[in-house]
Amino acid sequence: MKVVILKNAAEVAAYGAQIFKKQLNKKADSVLGLATGSTPVALYNELIALANKGELSFKHSKSFNLDEYLGLDGDHPQSYRFFMNEKLFDHVDIDKANTQVPPGNAADPVAACEEYEQAISAAGGIDIQLLGIGRNGHIGFNEPSSSLASRTRVKTLTKATIDDNARFFAEGEYQPHLSITMGIGTILESKKVVLLATGSAKAEAIKATVEGPLTAACPASALQLHKDAVLIIDEDAASALSDPEFFKHIERENQQLEKKLGQ
Ligand code: PGA
C-alpha cells in the first residue's frame, strides 16, 4: 500500500482533498464512499472550500457512508446522517437524494443491510472510499475479529469504540452499542481507498495496518490486499513505523515522476 507521511493534520486534509478533487474532476458522477469521525472533518472543510472556489462539484456524484448507529434516527444529532449533513452535504451542491447512509432506524436491519449492498452495486460500485481508523484498527465499524470477507451487516461495537465515542454523547444520553457497517469485503471492492490518520493515538494501529500480519485482529490490515489503497498520515501517526524514511523517499520519487509526466 502507498503511505504518505506529512507534517500535520492540516497537510493530511489538504492532500486527501486533492485526491477527491482529482477524482471528481475526472469523473463527475463518481460514487464516493464517505466516513465520519473527527479525522475526516478537516478534509470535508477543504472540499467545501474547493467547491466554493469552483474547483470541484458534487452535483453529479453519489455517496454511500460506511456506517451508522443502529437505533438512531437520521435527525438525531449523534447519528452519522446528521453528521454528514452538518459537516458536508449542507455546504456543497450534492443532491441529498443521492446520498446514502445506512438506515439506523430500519424496521428490519438485516434486510436493510442487504438493500445497502444492492444499492452500492446498482450505482456501479464505489469509486473512492474514505476511511478513518480506530485505535483498535477498525475501519467503518468493523471491529477486531470481523471477517475479512464481511459484507454490510449489523455489528456489535467493542467497549474501546464505545468509550472513544462517548465524548460525543451527553452525560446519561443513550449511546448505541450496535451499528450497521459496510463489511471489510465491501470496502475492499472500492476501486480506490484513502485512509486518513493523525495523532500518536493511531500510531500502533497504523503500524499493524502497514507492517502486518494480515489479520482480523487489525481489520485495516486487510487493505494490504487492495491494489490502490493510500494511507495519508501525519508524523505522529507514523511514529511507530519501522522505516518511515522509506515511505518519504517513495513519495518524493512519485512527486518527481508526476511532475515529469505533467500530472
Ligand atoms: P476518529 O475516528 O477520526 O474520530 O479518530 C476514526 C474511526 O474510528 O474510524
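Values in this text are rule-based calculations from the coordinates and carry no lab data. Everything numeric in this text was worked out from a predicted model, so none of it was measured. Glycine gets a Cβ as well: all are built from the backbone with ideal geometry, and neighbour counts include every protein chain shown.
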Practice item. Sort through 233, 187 and tell me the only one that's buried (at least 18 other Cβ atoms within 10 Å of the Cβ), within 16 Å of the ligand (Cβ to nearest atom) and within 26 Å of residue 103 (Cα to Cα). Key: 187
Study note, to complete from the structure: Note on the stretch 139-157: residues within 11 Å of the ligand (Cβ to nearest atom) and either of a type in the set (Val, Ile, Thr) or under 27 Å from residue 2 (Cα atoms) (or both) are 139, 140, 141, 142, 143
Review point. Hey, any hits in the stretch 225-248 for a residue that's under 20 Å from the mean Cα position of the chain (by Cα), under 25 Å from residue 113 (Cβ atoms) and in a helix (DSSP H, G or I)?
Key: yes
Practice item. Would you be able to say whether some residue in the stretch 124-147 is of a type in the set (A, V, I, L, M) and surrounded by fewer than 21 Cβ atoms within 10 Å (Cβ to Cβ)? Key: no
Check your understanding: Which ranges mark the strands (runs of 3 or more DSSP E) fully within the stretch 143-203 that have 1 or more residues being farther than 27 Å from residue 10 by Cα and out of contact with any helix residue (DSSP H, G or I) (no Cβ under 7 Å at 6 or more places or on another chain)?
Key -> 153-156, 178-181
Point to revise | Looking only at the stretch 39-85, and only at residues there that are aromatic (Phe, Trp, Tyr) and in a helix (DSSP H, G or I), the one that is surrounded by the fewest Cβ atoms within 10 Å (Cβ to Cβ) | key: 82
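Kindly evaluate residue 163 against the criterion of being free of Cβ contacts under 8 Å to residues at least 24 places away in the same chain, more than 13 Å from the ligand (Cβ to nearest atom) and more than 18 Å from the chain's Cα centre (by Cα).
No: the conditions fail for residue 163.
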Check your understanding: Quick one: which of 110, 92, 101, 154 is farther than 30 Å from residue 25 by Cα and out of contact with any Cys (no Cβ under 7 Å at 6 or more places or on another chain)?
Key -> 110
